[in-house]
1. What residue, of 38, 73, 90, is in contact (Cβ under 8 Å) with a residue 24 or more places away in the chain and farther than 16 Å from residue 15 by Cβ?
2. Could you tell me which residue of the stretch 1-21 is surrounded by the most Cβ atoms within 10 Å (Cβ to Cβ), considering only residues that are more than 21 Å from residue 77 (Cβ to Cβ) and touching a residue at least 12 places away in the same chain (Cβ under 8 Å)?
3. Which of the residues belonging to the stretch 50-97 are over 14 Å from the mean Cα position of the chain (by Cα) and under 15 Å from residue 20 (Cα atoms)?
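FYI, it's all coordinate maths here, none of it is from the lab. Just so you know, these numbers come straight off a predicted model, no measurement behind them. Cβ placement follows ideal geometry from the backbone for every residue including glycine, while neighbour counts extend to all protein chains displayed.
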C-alpha cells in the first residue's frame, strides 16, 4: 500500500519512480492523470519514453504489487487535471509548458 502523504503528492505533472514487487529497476516517468480520487478503483497514469517509444502504465492505488513510490519532482503550477497533450508534444515543448524536466 502507498502511504497517505505520498498519495497526496502524486498529481499530474509530478515525476515519479514506481517500484513494482521484486523488480530491480523502477518505472520512472511523468504522471499525466490521476482518476477517481482515493476510492477503491483509483488509478494514476505514468508516461515515459523508452527507446524512442512512448510507454504508459496505469497503476491502481490500492494494490499490493507496488512496493514503493518515490516522488522525484513536484509540479510548480499545473492547471489541468489530465495532461494528455503530452502524448503528441515533443520533450522540449512539454518542459517549457509544464516547467518540469521530462
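1. After applying the criteria, what remains is 38.
2. 18
3. Listed by number, the residues that qualify are 62, 63, 64, 65, 67.
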